[in-house]
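Below: one structure, written as structure tokens.
Nothing in this text is a laboratory measurement; each read-out follows from the coordinates by a stated rule. Since this is a predicted model, take the numbers as computed values, not measurements. Note: ideal-geometry Cβ built from the backbone for every residue, glycine included; neighbour counts use all protein chains shown.
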Amino acid sequence: MKALIPVLLGLIVTGCASHLNAPGQPVPLPETNWTVEASVRYSPPDWPEPLYADIYRPQGAGPHPAVLTVHGGGWTNRSRADMTDIAETLAGHGFAVMNIDYRFTPDHRFPAQLQDLQQAMHWLHRQADDLDIDTGRVAGFGYSSGAHLVSLLALVAAEGGELDRPYGGPQTRLAAVVAGGTPSDLRKFGSGRLVEQLLGGTMAEVPARYAAASPVTHITDTAPPFFLYHGSWDGLVPVDHATDFQAALASEGVPTEMMILRWRGHIASFLTGQGAVDAGVQFLYRTLVPEAAEPVLAQP
């Protein structure tokens, strides 16, 4: 039985991936040391609630690409600590990271959470010189409700519509997105409790708000590249949120990659998704550092 355990684990963590960029050819990633400054306030003094972030700084010459990481929790709970492992992985490969908290429902309804992310992006731009980051190479990385928020941030900024005001603008644009377990179309949930808390009513009561809060409704051909990953057994956020989202992005010519994690639900895809995280980091490096992303050739 013990001899079967490595085989079973290998089957569990293997995803089925569809890539648009050099499938099966990893790129060499830098290995860097990093430092972290915890609990840095990023929200303005007059913001409804003080919000904090952990700031990871890779060592070495910059300017560095940067990643905004956003945790899940159904828009109601959890904390940035959930994204610590991902933030450390990114920092260890040369990315500066801003790992944030944001306001929760039901005390703060949508679009409060999106506006928090927009404020985080403005903070990054104000601190760019100190952090030694390239503001033209800032990506987003989120899981579950965090993936919903970074996806919405990226698409709203590219679209330039109503949700881009008054706190958005050019500084909130993302250059790439990695999104796992993404609730991409909130209309698919009907009137589930978490979505109703976020939006302040049922879909019958506020249908326009359900559409506006759904990333899939904001896709334009100016959207940044997306890497999506999702559990095939996800019962909380069914896998068609990923497959339909990718199809909608691709229909607008947006570069996309996707990895489906076999035999895993929503929580398991986060807890055992290191392979998808690694693939997402590869995607970010190829996208944000293309001049350095040469394929690793197999040794004879």
Identity of the residue in the range 51-99, of a type in the set (Asp, Glu) and surrounded by fewer than 18 Cβ atoms within 10 Å (Cβ to Cβ), that ends up farthest from VAL289 (Cα to Cα):
ASP85
Would you tally the residues in the range 207-264 being among the hydrophobic types (A, V, I, L, M, F, W, C), surrounded by fewer than 20 Cβ atoms within 10 Å (Cβ to Cβ) and over 29 Å from PRO170 (Cα atoms)?
4
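Considering each residue of the range 153-181, count those that are in a loop (DSSP other than H, G, I, E, B), touching a Pro at 6+ places or on another chain (Cβ under 7 Å) and surrounded by 23 or more Cβ atoms within 10 Å (Cβ to Cβ), and give that number.
Qualifying residue count for the region: 1.
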Residues of the range 100-110 satisfying the condition of being touching a residue at least 40 places away in the same chain (Cβ under 8 Å) and either surrounded by 22 or more Cβ atoms within 10 Å (Cβ to Cβ) or touching a Phe, Trp or Tyr at 6+ places or on another chain (Cβ under 7 Å) (or both):
ILE100, ASP101, TYR102, THR105, PHE110
Does the range 26-63 hold any residues that are within 20 Å of the chain's Cα centre (by Cα) and basic (Lys, Arg), and which are they?
ARG57
Contact list please: Cβ distance under 8 Å, first residue in the range 141-156 and on the phi > 0 side of the Ramachandran plot, second residue of a type outside the set (Lys, Arg) and assigned to a helix (DSSP H, G or I), pairs at least six apart or on different chains.
SER144/HIS266; SER144/PHE270
Flagged in the range 239-261 as part of a loop (DSSP other than H, G, I, E, B) and in contact with a strand residue (DSSP E or B) (Cβ under 9 Å, 6 or more places away or on another chain), in numbering order, are VAL239, VAL254, PRO255
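Given the criterion part of a strand (DSSP E or B) and closer than 16 Å to ILE86 by Cβ, identify the matching residue among PHE283, PHE270, PHE227.
It is PHE227.
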If I go through the range 39-50 residue by residue, how many of them are closer than 22 Å to THR89 by Cβ and surrounded by fewer than 12 Cβ atoms within 10 Å (Cβ to Cβ)?
1
Could you pull out the residue among ARG286, ARG262, ARG209 that is of a type in the set (D, E, K, R) and under 23 Å from ARG103 (Cβ atoms)?
ARG209
